[in-house]
Amino acid sequence: MHLEYKVTEDHHKQKVSQILKSQLKISRGEMRRLKRCAGVMINGQTVRLNAPVKAGDLIQINFQEDKNQPVIPQKLPLDILFEDEHILVLNKPSNMLVHPLSYHVLDTLANGVIYHLQLQGRNSKFRAVSRLDKDTSGVIIIAKNSYSCYQLAEQMKKGFCQREYLAVVHNSIDIDTGTINLPIGRPYDGSLIFGVTPQGKAAITHFSVIQRFAGGSLVKLRLETGRTHQIRVHMSHLGHPIMGDDLYGGDLEIIRRQALHSWRLKFNHPVTKETMQCEAPLPEDMTALIHKL
């Protein structure tokens, strides 16, 4: 990956490292890697990071590809919503892990993505910026390099990335909109599930009811924080567990997985800074569930 930046009068006589940090938002770790591989040039000449710049200089940054790839490449179908040289946005199916596990090394999203990237001549690591549970479907962002990953992770951390989900929950929700502001954590040491607990981390979920049924509701949810199982825990705590989510009180009778779908992600492109909005249509099993209800 390559980046370029033309020095303005405002940054005349600053050091290269100052430009990388303030204007290109490059992390300290990335700067150390650039230093080791002599990856920074000014006007085509390799320079040190403490070199001064002058107005009109063209700073060129060359990021190195990763040498070691622990994920086994595997040809798998990918539903690509957007792709360029910096990011890959996918519609993940349900019943698919994002990352391999020691006992499940194939048939994950990571395997398919690495195969896809290697076809492009890339030796990139798998960098999923957003997270989805195995049985949650929908939009997920993959960064193709460390720079894009850092930029997107910072957006997630600072709440600049909007994450919206659709879920079918048990019971009819009385109010049209609301905010759940309840801390989430493990109820006790070694617990395999999460719950609302005073010792937990702050967690905020906004919801609005789209449609009510006799025994449930179709709900749109927006995450302000990103705790593990946040939507599942919050909705269950309110007495509206997600259908198919037997871990948190949902019934498996009508659908065999949690009826939760990552519907829309809105973020700024890590390089162009353009506002991006990617949507994934509701999958067939959730559409069929709504029709049954």
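The values are calculated or read from the model by the stated rules, or taken from the named source; none is laboratory data. Bear in mind the structure is a predicted one, so any value in this text is a computation, not a measurement. Using ideal geometry, Cβ is built from the backbone for each residue, glycine included, and neighbour counts are taken over all protein chains shown.
With respect to Arg122, determine if the residue is assigned to a loop (DSSP other than H, G, I, E, B) and touching a residue at least 60 places away in the same chain (Cβ under 8 Å).
The answer is no for Arg122.
Among all residue pairs at least 6 apart or on different chains, which show Cβ distances below 6 Å where the first residue, located in region 28-53, is in contact (Cβ under 8 Å) with a residue 12 or more places away in the chain and exposed (fewer than 11 other Cβ atoms within 10 Å of the Cβ) and the second is assigned to a strand (DSSP E or B) and not hydrophobic (A, V, I, L, M, F, W, C)?
Correct list of pairs: Asn50/Lys15.
Taking into account only those residues within region 196-221 that are assigned to a loop (DSSP other than H, G, I, E, B) and among the small types (Gly, Ala, Ser), which is nearest to Gln162 (Cα to Cα)?
For region 196-221, the residue satisfying everything is Ala203.
Being in contact with a Lys or Arg (Cβ under 8 Å, 6 or more places away or on another chain) and not in a strand (DSSP E or B): is that true of Asn111 here?
no
Could you tell me whether any residue of region 49-57 is at pLDDT below 85, within 28 Å of the chain's Cα centre (by Cα), of a type in the set (A, V, I, L, M, F, W, C) and in a loop (DSSP other than H, G, I, E, B)?
no
Sort out which residues of region 70-96 are of a type in the set (A, V, I, L, M, F, W, C), part of a loop (DSSP other than H, G, I, E, B) and in contact with a Ser or Thr (Cβ under 9 Å, 6 or more places away or on another chain), and write them in order of number.
Val71, Leu76, Met96
Can Asp57 be described as under 30 Å from Thr108 (Cβ atoms) and acidic (Asp, Glu)?
Spelling it out, it is not the case that Asp57 is under 30 Å from Thr108 (Cβ atoms) and acidic (Asp, Glu).
Looking only at region 157-175, filter to residues that are surrounded by fewer than 21 Cβ atoms within 10 Å (Cβ to Cβ), over 17 Å from His234 (Cβ atoms) and modelled with pLDDT of 90 or more; which one of those is farthest from the chain's Cα centre (by Cα)?
It comes out as Ser172.
Looking only at region 1-22, filter to residues that are within 22 Å of Ile87 (Cα to Cα) and touching a strand residue (DSSP E or B) at 6+ places or on another chain (Cβ under 6 Å); which one of those is modelled with the lowest pLDDT?
His2
Step by step: first the residues of region 254-284, then only those that are over 16 Å from Ser217 (Cα atoms) and over 19 Å from the mean Cα position of the chain (by Cα), then the one that is modelled with the lowest pLDDT. Which residue is that?
If we take residues in region 254-284 being over 16 Å from Ser217 (Cα atoms) and over 19 Å from the mean Cα position of the chain (by Cα), then Arg256 is modelled with the lowest pLDDT.
Report yes if Leu221 is surrounded by 16 or more Cβ atoms within 10 Å (Cβ to Cβ), closer than 30 Å to His86 by Cα and in contact with a His (Cβ under 8 Å, 6 or more places away or on another chain), otherwise no.
Yes, satisfied.
Determine, yes or no, whether His99 is in a helix (DSSP H, G or I), farther than 17 Å from Arg163 by Cα and not assigned by TED's automatic domain parsing to the domain that holds Thr228.
So His99 fails the test.
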